[in-house]
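The values are calculated or read from the model by the stated rules, or taken from the named source; none is laboratory data. Predicted, not measured: the structure shown is a model, and the values here were computed from it. Neighbour counts are summed over all protein chains in view; Cβ atoms, including those assigned to glycine, are modelled from backbone coordinates with ideal geometry.
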Amino acid sequence: MIAVLKRLWKHGIGTIPKDELLHVNGRGKLLLDDTKCTACGDCVLECPSEALSLRRVQNEFDFSITYSSCISCRVCTEVCPTNAFSYANEPMPSVQLRDELVVHYTINRDESEPKGEIVSDRDRREVILKN
Amino acid sequence: MTEIEEKLSSRIKQCFARSLHIRHVDSGSCNGCDFEITALMNPVYDIQRFGIDFVASPRHADMLLVTGGVTRNLEAALRKTYEATAHPKMLVAIGGCACGGGMFGDTYAHLGGVDKILPVSVYVPGCPPRPQAILEGILHAIERAHELESSRKGNGAYAARTSNV
Amino acid sequence: MIHVLLEILQVIFIIGVSPLIQGIVKRTKAILQGRQGPSVWQPYYDLHKYLNKDEVLSIHASWLFLITPYVVFVTMIAVVAMIPVFITHTLLSFTGQLMLVVYLFGLSRFFTALAGIDTGSSFGAMGSSRDMFVSALAEPVLFITLLAIALPMKTTNLTLITSRAVTGHSPLLSPTFYLAFLAFLILVITETGRIPIDNPDTHLELTMIHEGMILEYSGKRLGLMMWSAWIKQAIMFTLLLDFCFPWGISLVVHGSMLIASFIMVFLKLTVIAIVIAFVEMSYAKIRFFRIPRLLSAAFALSIISILTNFLL
Amino acid sequence: MKISRIIVAPHELIHACRTVIANHGRFITMVASDECGREIDRFVVRYIFAHDGKSMLNVVESVLTESNCSYPTLSSMIPAASWAEREAHDLFGIFPEGHPDLRPLVLHDDWPEGVYPLRKDYALREKQERDSFSSWSYPKVEGEGVFEVPVGPIHAGVIEPGHFRFQVMGDSVLHLEAKLFYTHRGIEKRSEGMSVVKGLYLAERICGVCSVSHALSYVQAIEQISETRVPERAIFLRVLFAELERLYNHVGDIGNMCAGIGYAYAVNHGAHLKEQLMQLNDFIVGHRFLRGSIALGGVTEDITEEKLRYIETTLERVKKEFNEIVEQILSHDIVVNRFSNTGILSERIARELSTVGPTARASNYDIDVRRDLPYAAYDQLVFEVPTFMEGDVMARFKQRFLEARQSFQIIEQVINRTPKGDIRVPIGDLIPYSFGIGMTESPRGENVHFVMVGENNTIYRYRVRSAPYANWPAVPICVPGNIIPDFPLINKSFELCYACCDR
């Protein structure tokens, strides 16, 4: 009993205050800087969990990140030639509908020469490259 | 929504905001999410100060935290646990696997995602989500507890729709 | 008239304050573990929620399962009506009261255990069998201990015991008191299902005793079962106060005296709750088959206490 | 590590394995595979043996034809092979003749008969209807006063799923039957056809709390095939990550074991220490479970000098508190009483079942991959492998404590000795249909990964024998004779993960 009190005296209460609780330091949410992205599709091909997809919509590209699949592995940050990816310090959003876990970015790059339309096909779990 | 229903839902929200009992169900996770849920109970995060506690029986619980993307061998057990929980109840999917299959996806032994068999209130993505994210998800679910009554009515229809999955 | 009102107030006080005592125990434990812990009002919130929830019943549940929470709750209220809290008068008062208290505890136990078996769940049955094992040992010891307390007071009427304890010379001088006090403390821990006998916070279904029996309850009935357990805890604490630390319990109906005794009782209950939390934190659960040893220690203590009473 | 292959006909398997064992070979696991894509008809079984101290593995191989896919069982000679053979029977439909217990293991009773998911002609996504007629048979103990207590698969605490059946007399356990593989996700099938780079992320997710060890086993298997030489700095950093993982697991387990006896004080302080270690992990590689730290051909993240210093100061603090807490726990007489003589695993059974890790070492079975088959930089570091004679819960508790102390020492050495240089090299070419075997010592024991690559750098067959897979069969053996309330304690003292056993 004395030991219990001694420890409490020495180390106090370790609980972090409520207002600091939701503050996170490590990698959390994956973000894309759509001004840097050239829609080359390398990340889509390399992503191990098929969290990324790229789709051509007329003259633009629709780039999407599916948070429910993202495993924060940093492969995309490594392969991206323009360093367009970054991790925010906030956790991935908790949502009510699964569709809200997908964020879309529209990429409009005239000067880039995209390799083609890349679709991450979730049913077949492979990436199809179409020209 | 009738007046009675509206009253009822505010009452539920009021109840859950101060006292929430959680039952954790592992439906085939890698153990990572489970450990982060355990971490919520440690002195640093101390989830009990929010009036949230983990209980031993689904009958005592208001919320199920499901980790893992439902394996074939656990599908029946998960359904039974859900049925054994008293209304009003919520189901929160913790981790990438529970949200949509994660790395393992859809295989002969893995359904990939809790929402294929049961209605999910809140999805918490991450592999595994940090304790802070899980807590945020739980608080998020409490906030929308007032929608529970409507989901309760839709339940029958949902079961019928998913029975042939 | 004022007596009856006060006595009813006494009953309401114990029923109302019992969740708070539980809250204080939990909060103290949390602080000793180095964390902030739930608010002391948490049991009230829990109770409020349980009473508002729907129930899920096992298909095997019979009338016994359904009726048990009410039986247990009413039994506890009946006991509360017999024990002095801040005045020595009680709603029910007669010779042999102590025996009835033990038997009423036995009745609630009997029903809880049957309800545990009733649903056919293995944990319920396991909890019931263990509870019967513990109570088979604890009940005779409780008798002897109560006897050890009743003997120097020369009555089994709780009102008289308490009033004699209050008016009599300080019991702190006699060894009888210390021995009986120790024995009673062990029994308080046993009866309230705390460490080192049972673990109230456990999530391990294989080690549960009380929790195992109420595993199948949900909603309102679960709330009642929990509340009954808290009331029982409050009763045990109050009995401990009545027998061993009766200072401040008012003998007569007098305004300022009553307020003082009210505050005293409240403070004493808080102190006991904190002490129990300390005991719980400093011990681990003992091996199941070692429980008889602990209880036989209590038995021996009360026997010696009785003997010293005759010898000294 | 050198691999020597012995190829025999099925009827010669027993003889060949006996010879290997006589030459001090230690049975590790059996790997079955369906290799119908090549010119082989059709199944291959491989029994893997290790020669401790010589850094050599023996693989006894045999080809089974599709028409006659049976082979003599080795379970009677090597009890440890029993599960692997049962699993192969479930997933490939190859038949070990004379096996004493061929009940389904991985696929439960509702899986239809005659359907084998790991055969190459079975599509990954093909679902099967539930066969509700067959049921799992449990051996029963009969007699007056004996009754059965079924537990699980969903448990009351935050624990993984497993089903246990106790045959009890009062509270004393007469027999325990464990039905596992509830979290079987089909990872081995899932990996087939995946590129080896992506396979690493799958390997990390086999188990939440041994991610580094699993990833390391996997990359070692691939590096063995491609004959990659990993840079010096990287192998030291690998040791750092592996030991940090061991540390947070052992520290957490020490607290967790006290949960089995309701000693809440130690549970919470243990959890607090573990949290500090996990926050340290988060700080150095950005993941609380150290996922994403190991890469093919090295490590992903370089640890800067400041980070190394930070690790040093944090561990100094944790170490002091850890010693304090363990001292307090061990001086508590109820704890000592509950821990000693509970759940004894005898040395004989530990050896026969080829148990691994702290469990084996606490039963005086002195094996440790770090010392016997050194990998990463372990051959350049000085550390001891503690062992105990008793084999009870107390021995396993002290074992973890002493091992954690060794880990503190190893990390200290790594911090002072890590050389400068590259942290990653590209891996070489992978010759199709060659295999590699990676072995590492996780906090729970040795993890063995068998990887066979196919064409275009994809995985052809991936088999994981995790530490819990080797240790689980020992648990039901040491429970009878104890009482039911002691089971959670015994189970926690083994600290077996269900996820990496079931895969």
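Candidates are the residues of the stretch D:65-95 that are in contact with a strand residue (DSSP E or B) (Cβ under 6 Å, 6 or more places away or on another chain) and assigned to a loop (DSSP other than H, G, I, E, B); the one that is nearest to residue D:473 (Cα to Cα) is D:78.
Condition check ((1) without any contact (Cβ under 8 Å) to a residue 40 or more places away in the chain; (2) touching a strand residue (DSSP E or B) at 6+ places or on another chain (Cβ under 9 Å); (3) farther than 20 Å from residue D:394 by Cβ) across all residues:
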position: D:296; (1), (2), (3): no, yes, yes
position: D:304; (1), (2), (3): yes, no, yes
position: D:320; (1), (2), (3): yes, no, yes
position: D:329; (1), (2), (3): no, no, no
position: D:348; (1), (2), (3): yes, no, no
position: D:360; (1), (2), (3): no, yes, no
position: D:374; (1), (2), (3): no, no, yes
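Evaluating residue D:212 against the criteria (1) touching a Lys or Arg at 6+ places or on another chain (Cβ under 9 Å); (2) surrounded by fewer than 22 Cβ atoms within 10 Å (Cβ to Cβ) leaves one unmet condition, (2).
Out of all the residues in the stretch D:253-272, is one or more of a type outside the set (Lys, Arg) and closer than 22 Å to residue D:200 by Cα?
Taking the stretch D:253-272 and keeping what is of a type outside the set (Lys, Arg), we get D:253-272.
Add one more test, that the residue is closer than 22 Å to residue D:200 by Cα, and what stays is none.
Scanning the stretch D:253-272 turns up no residue that is of a type outside the set (Lys, Arg) and closer than 22 Å to residue D:200 by Cα.
For the residues C:38, C:69, the requirement of being crowded, with 22+ Cβ neighbours inside 10 Å, at pLDDT 85 or above and part of a loop (DSSP other than H, G, I, E, B) singles out C:38. At least 2 residues being at pLDDT 85 or above and either more than 21 Å from residue D:220 (Cβ to Cβ) or among the hydroxyl-bearing types (Ser, Thr, Tyr) (or both) is the threshold, and among the helices (runs of 4 or more DSSP H) wholly inside the stretch D:321-408 those reaching it are D:333-339, D:347-352, D:357-362.
Within the stretch D:344-371, the residues that satisfy the criterion of being surrounded by fewer than 20 Cβ atoms within 10 Å (Cβ to Cβ) and either within 28 Å of residue D:236 (Cβ to Cβ) or not aliphatic (A, V, I, L, M) (or both) are D:346, D:347, D:348, D:351, D:352, D:364, D:366, D:371. The single condition from (1) farther than 21 Å from residue C:30 by Cα; (2) part of a helix (DSSP H, G or I) that residue C:229 fails is (1).
Report whether or not residue C:274 is surrounded by 18 or more Cβ atoms within 10 Å (Cβ to Cβ) and in contact (Cβ under 8 Å) with a residue 40 or more places away in the chain. No: the conditions fail for residue C:274. When the stretch C:43-64 is limited to residues that are at the interface with chain B (Cβ under 8 Å from one of its Cβ atoms) and not in a helix (DSSP H, G or I), the one that is farthest from residue B:50 (Cα to Cα) turns out to be C:56. Within the stretch D:176-202, being at the interface with another protein chain (Cβ under 7 Å from one of its Cβ atoms), out of contact with any His (no Cβ under 8 Å at 6 or more places or on another chain) and of a type in the set (Ser, Thr, Tyr) holds for D:183, D:201.
Only strands (runs of 3 or more DSSP E) whose full extent lies in the stretch D:1-64 are considered here, and the ones with at least 2 residues that are free of Cβ contacts under 8 Å to residues at least 40 places away in the same chain, touching a helix residue (DSSP H, G or I) at 6+ places or on another chain (Cβ under 8 Å) and not charged (D, E, K, R) are D:43-51.
Look at residue C:76 and say whether it is buried (at least 19 other Cβ atoms within 10 Å of the Cβ), within 18 Å of the chain's Cα centre (by Cα), more than 11 Å from chain B (Cβ to nearest Cβ) and assigned to a loop (DSSP other than H, G, I, E, B).
When the stated conditions are applied, residue C:76 does not pass them.
Taking the criterion of being closer than 17 Å to residue D:103 by Cβ and either at pLDDT below 80 or of a type in the set (Val, Ile, Thr) (or both), the residues of the stretch D:123-181 that qualify are D:131, D:133, D:134, D:135, D:136, D:137, D:138, D:139, D:140.
List the helices (runs of 4 or more DSSP H) that sit entirely inside the stretch D:445-503 and contain at least 2 residues that are more than 11 Å from every other protein chain (Cβ to nearest Cβ) and farther than 21 Å from residue D:203 by Cα. Step through it out loud before you land on a result.
On the way: elements: D:467-471, D:475-478, D:487-494, D:499-502.
Filter on the stretch D:445-503 gives D:475-478, D:487-494.
The residues of the stretch B:116-139 that are under 16 Å from residue A:99 (Cβ atoms) and surrounded by fewer than 21 Cβ atoms within 10 Å (Cβ to Cβ), listed by number, are B:116, B:119.
Scanning the stretch D:139-155 for residues that are in contact (Cβ under 8 Å) with a residue 12 or more places away in the chain and within 14 Å of chain C (Cβ to nearest Cβ) gives D:145, D:146, D:147, D:148, D:149, D:150, D:151, D:152, D:153. Would you be able to say whether some residue in the stretch D:452-463 is within 18 Å of the chain's Cα centre (by Cα), buried (at least 24 other Cβ atoms within 10 Å of the Cβ), closer than 22 Å to residue D:202 by Cα and of a type in the set (A, V, I, L, M, F, W, C)? Checking the stretch D:452-463: not a single residue is within 18 Å of the chain's Cα centre (by Cα), buried (at least 24 other Cβ atoms within 10 Å of the Cβ), closer than 22 Å to residue D:202 by Cα and of a type in the set (A, V, I, L, M, F, W, C). Out of all the residues in the stretch B:63-89, which are away from chain D (no Cβ under 12 Å) and at pLDDT below 85? Of everything in the stretch B:63-89, those that are away from chain D (no Cβ under 12 Å) and at pLDDT below 85 turn out to be B:86, B:87, B:88, B:89.
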